[in-house]
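Each remark here refers to the structure printed beneath this line.
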Amino acid sequence: FGRNKADRIQMPEAGRDQRAEVLHLQLTRDHPRQALPRVPRAFDQFDLLVFHLGTALIYRLVTPTALTIHLHDPHMPNVLIEEKNSRVTILTLNRPERRNALTIELLTELTDALDRVAADSQKRVLILRGAGKVFCAGLDLNETTVSERAHRSAEMVAKTLLAISQTRLITIAQVHGAALAGGAGLMSACDFVVAAEDTKIGYPETRRGLVAALVLTFLRRQLRERDIRELLFTAELIEAERAREIGLVNRVVPPNELENETQRIVAAVLQGAPGALASTKKLIEALSSSSVQEDIERALRHHMEARESVEAREGIAAFLEKRLPNWT
């Protein structure tokens, strides 16, 4: 193949203060049977153009498929903030290349964004969603291998769950692809959950030598004990419809209806009086036998004990090394 016809490729427009550069690379298959994403097998050699526009990188394969690949820009925020209108804000987890895995930086940005939105008295509804193929795959376990960051990560998960659950805003998790472990925790902390019908939800912590302690704060408020035991003891993923049946999800819709269904809930919520909604949310919390904050603090201690265990070291190492854990 090996052609270079960059003149047939449209360069991204550069703004007045931006500088655009283009780099041409030629790639060759290591093996004729080697699979390359969305590149026809007939081509053993193909061109790759790399456009550098400001801080953005756009990779384009010059093949008849005219494939364009957008890779994550390290300078992009981990949480995107979109003002839908004067009363509704959308927060998007923005690490699609890592399945929106939760890091200290992402969680910090998320709690900061929550605080900023809640400080605006005009805001009433917050939608939480994920960029890319999944809502959130849980903690970035690479951070758990360093003790200091592991402690900070756990504290930030606790802080974030508390911030979501305690905000005066009505929160809606718009879930697709997968919501796992801490990602399912973010979902559970919201007032509403709307899920695409192909979503997988689960709590695999015990298979990593961990305890889903922080998430359990919300599961025990939402599910029957039998269902909690099944979810946490088997650590198996469940379909969105099963999650709706047990009370973990409010509504399940086809993927192309996810946004519309979320907006229907928003419209219904906005018909309520702001003060009445805020008071109702506080009362639901006040009528519990213990507060979310008390439960989070207690759960954090269990969470940290599990993280520092021999089982956790083995389970996390096995996960990162893509092997089965050796439980003794």
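Is the stretch 294-312 home to any residue that is in contact with a strand residue (DSSP E or B) (Cβ under 9 Å, 6 or more places away or on another chain), surrounded by 12 or more Cβ atoms within 10 Å (Cβ to Cβ), not basic (Lys, Arg) and not in a helix (DSSP H, G or I)?
Kept after step one, since they are in contact with a strand residue (DSSP E or B) (Cβ under 9 Å, 6 or more places away or on another chain), are these residues of the stretch 294-312: none.
No, the stretch 294-312 contains no residue that is in contact with a strand residue (DSSP E or B) (Cβ under 9 Å, 6 or more places away or on another chain), surrounded by 12 or more Cβ atoms within 10 Å (Cβ to Cβ), not basic (Lys, Arg) and not in a helix (DSSP H, G or I).
Which ones in the stretch 274-293 are within 15 Å of residue 126 (Cα to Cα) and either touching a strand residue (DSSP E or B) at 6+ places or on another chain (Cβ under 7 Å) or open to solvent by 40 Å² or more (accessible area, probe 1.4 Å) (or both)?
Those that are within 15 Å of residue 126 (Cα to Cα) and either touching a strand residue (DSSP E or B) at 6+ places or on another chain (Cβ under 7 Å) or open to solvent by 40 Å² or more (accessible area, probe 1.4 Å) (or both): 274, 277.
Between a residue in the stretch 134-155 that is open to solvent by 20 Å² or more (accessible area, probe 1.4 Å) and any residue that is at pLDDT below 85, which pairs come within a Cβ distance under 6 Å, given they are 6 or more apart or on different chains?
Close Cβ pairs (under 6 Å, with a partner that is at pLDDT below 85) amount to 144/150; 149/143.
Residue check: is residue 221 of a type in the set (D, E, K, R), farther than 22 Å from residue 114 by Cβ and assigned to a helix (DSSP H, G or I)? Show your work before the answer.
Working: of a type in the set (D, E, K, R): yes; farther than 22 Å from residue 114 by Cβ: no; assigned to a helix (DSSP H, G or I): yes.
In short, no.
Output the residues belonging to the stretch 256-273 that are open to solvent by 70 Å² or more (accessible area, probe 1.4 Å) and either within 22 Å of residue 214 (Cα to Cα) or in a helix (DSSP H, G or I) (or both).
We begin by selecting, within the stretch 256-273, every residue open to solvent by 70 Å² or more (accessible area, probe 1.4 Å); these are 256, 260, 264, 271.
Passing the criteria: 256, 260, 264.
Answer yes or no as to whether residue 106 is at pLDDT 95 or above and in a helix (DSSP H, G or I). Give the derivation first.
Details: at pLDDT 95 or above: yes; in a helix (DSSP H, G or I): yes.
So residue 106 passes the test.
Cβ contacts < 9 Å: first residue part of a loop (DSSP other than H, G, I, E, B) and modelled with pLDDT of 90 or more, restricted to the stretch 67-86; second residue surrounded by 12 or more Cβ atoms within 10 Å (Cβ to Cβ) and of a type in the set (Val, Ile, Thr), any location; separation 6+ or different chain. Result?
Close Cβ pairs (under 9 Å, with a partner that is surrounded by 12 or more Cβ atoms within 10 Å (Cβ to Cβ) and of a type in the set (Val, Ile, Thr)) amount to 78/103; 78/108; 84/90; 84/125; 84/127; 84/266.
Go through the stretch 174-186 and give me each residue that's closer than 16 Å to residue 253 by Cβ and in contact with a Phe, Trp or Tyr (Cβ under 7 Å, 6 or more places away or on another chain). Steps first, answer last, please.
Of the residues in the stretch 174-186, the ones closer than 16 Å to residue 253 by Cβ are 174-177, 179.
Result: 175, 176, 177, 179.
Quick one: in the stretch 241-255, which of the residues that are touching a residue at least 60 places away in the same chain (Cβ under 8 Å) and closer than 19 Å to residue 170 by Cα is surrounded by the fewest Cβ atoms within 10 Å (Cβ to Cβ)? Before you say what the answer is, go through the steps one by one.
Within the stretch 241-255, the first condition is being touching a residue at least 60 places away in the same chain (Cβ under 8 Å), and the residues that meet it are 248-249, 255.
When the remaining residues are screened for being closer than 19 Å to residue 170 by Cα, the result is 248-249.
On the way: 248: 23, 249: 25.
Checked the stretch 241-255; the qualifying residue surrounded by the fewest Cβ atoms within 10 Å (Cβ to Cβ) is 248.
Report, by residue number, each residue of the stretch 224-255 that is in contact with a strand residue (DSSP E or B) (Cβ under 9 Å, 6 or more places away or on another chain), of a type in the set (Gly, Ala, Ser) and not in a helix (DSSP H, G or I).
Within the stretch 224-255, 235 is the sole residue that qualifies.
Yes or no: residue 109 more than 19 Å from residue 176 (Cα to Cα), in contact with a Pro (Cβ under 7 Å, 6 or more places away or on another chain) and open to solvent by 30 Å² or more (accessible area, probe 1.4 Å)? Walk me through it before giving the result.
Numbers: more than 19 Å from residue 176 (Cα to Cα): yes; in contact with a Pro (Cβ under 7 Å, 6 or more places away or on another chain): yes; open to solvent by 30 Å² or more (accessible area, probe 1.4 Å): yes.
Yes, satisfied.
The values are calculated or read from the model by the stated rules, or taken from the named source; none is laboratory data. Source: prediction; values computed, not measured. Cβ: placed from backbone, ideal geometry, glycine included. Neighbour counts: every protein chain shown. Accessible surface is based on the protein model in full, side chains and every heavy atom, while ligands, DNA and RNA are left aside. Shrake-Rupley method; radii C 1.70, N 1.55, O 1.52, S 1.80 Å.
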